[in-house]
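The values are calculated or read from the model by the stated rules, or taken from the named source; none is laboratory data. It should be emphasised that the depicted structure is a prediction, and the values quoted were computed from it without experimental measurement. All Cβ positions, even for glycine, are placed from backbone atoms using ideal geometry, and neighbour counts span all protein chains on display.
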Amino acid sequence: MKLFGTLREKPWLHQTVVAGGATEMPEPDPQGPARVALRFILGIVGILFFLFIITFLSRSQYPDFQALAGPPWQPFTDTSRLWFNTAVLACASIAMQLALVSARRGSLNAAVAAVSAAVFFTLGFLFAQYQLWLYLQGMGFYLNTHPADSYFYVLTAVHGLHLMGGLVVLAYVVFRVWYDGDPSSLGGPLQLCATYWHFLFGVWLVLFALLTSRPETINALAALCGFGGR
């Protein structure tokens, strides 16, 4: 019976226990549906990138596959550009967390400054990724040059599109900052935005590690997934 009670629970409603063990009418949580929707979106995005990674490892076992790191002529043997891009995205994620903390403390100016910094660093990351595309093309690594090149462009493009979608939502949050003038009401929306940014930063770290892996590492990962080494 406890199982059926758990299934009937609504996580977006707060239940309050009063004297005698009775419960009051639950008060709706304004962020409950949005929180559930965010979890659903993050699950879908996670599955999408997981499938990309699995197909990448499977494709790596074909003879024409060449990893983007390892030999000195491969572009990601030197990872300095990718480390710079990662640092920029990390700053965006930190700025989102600072915006959340400032909103919860009721500091409107600090929240606005932190949100603005998050937007700035996110756009900076997207621009740096575009510059990385130009850098690879200048070295002769195009979308259809090798399978690994194709995966790089597709993975970074899909990741960038998800960040751009987050910026659209964040623009709405910024509008609420200026329109409401009440930073305390922004704690919920900023919590969701910060979670989204942290998640995409984690996804990028996984992509970074995968794209800069040497052939031996990629083959070992492929073998662990059951594709066999070459």
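Numbers at a glance
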item: Positions within segment 106-115 being without any contact (Cβ under 8 Å) to a residue 24 or more places away in the chain and surrounded by fewer than 18 Cβ atoms within 10 Å (Cβ to Cβ), in sequence order; result: ASN109, ALA110, ALA113
item: Some residue of segment 138-152 being at pLDDT 95 or above, over 23 Å from PHE56 (Cα atoms) and surrounded by fewer than 18 Cβ atoms within 10 Å (Cβ to Cβ); result: no
item: Of residues in segment 28-50 being among the aliphatic types (A, V, I, L, M) and under 16 Å from GLY187 (Cβ atoms), the one modelled with the lowest pLDDT; result: ALA34
item: Close pairs from segment 50-68: first closer than 11 Å to ALA222 by Cβ, partner surrounded by fewer than 15 Cβ atoms within 10 Å (Cβ to Cβ), Cβ under 7 Å, at least 6 apart; result: ILE54/CYS225; LEU57/CYS225; GLN61/GLY228; GLN61/ARG230
item: Selected residue (criterion: surrounded by the most Cβ atoms within 10 Å (Cβ to Cβ)) from residues of segment 40-67 that are of a type outside the set (S, T, N, Q) and over 20 Å from the mean Cα position of the chain (by Cα); result: ALA67
item: Residue tally, condition surrounded by fewer than 18 Cβ atoms within 10 Å (Cβ to Cβ), touching a Leu at 6+ places or on another chain (Cβ under 7 Å) and not in a helix (DSSP H, G or I), over segment 68-105; result: 0
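To keep it simple, each residue is scored yes or no on (1) modelled with pLDDT of 90 or more; (2) of a type outside the set (Lys, Arg); (3) over 17 Å from the mean Cα position of the chain (by Cα).
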| residue | (1), (2), (3) |
| --- | --- |
| PRO71 | no, yes, yes |
| PRO75 | yes, yes, yes |
| CYS91 | yes, yes, no |
| ALA95 | yes, yes, no |
| VAL101 | yes, yes, yes |
| SER107 | no, yes, yes |
| GLY124 | yes, yes, no |
| LEU136 | yes, yes, yes |
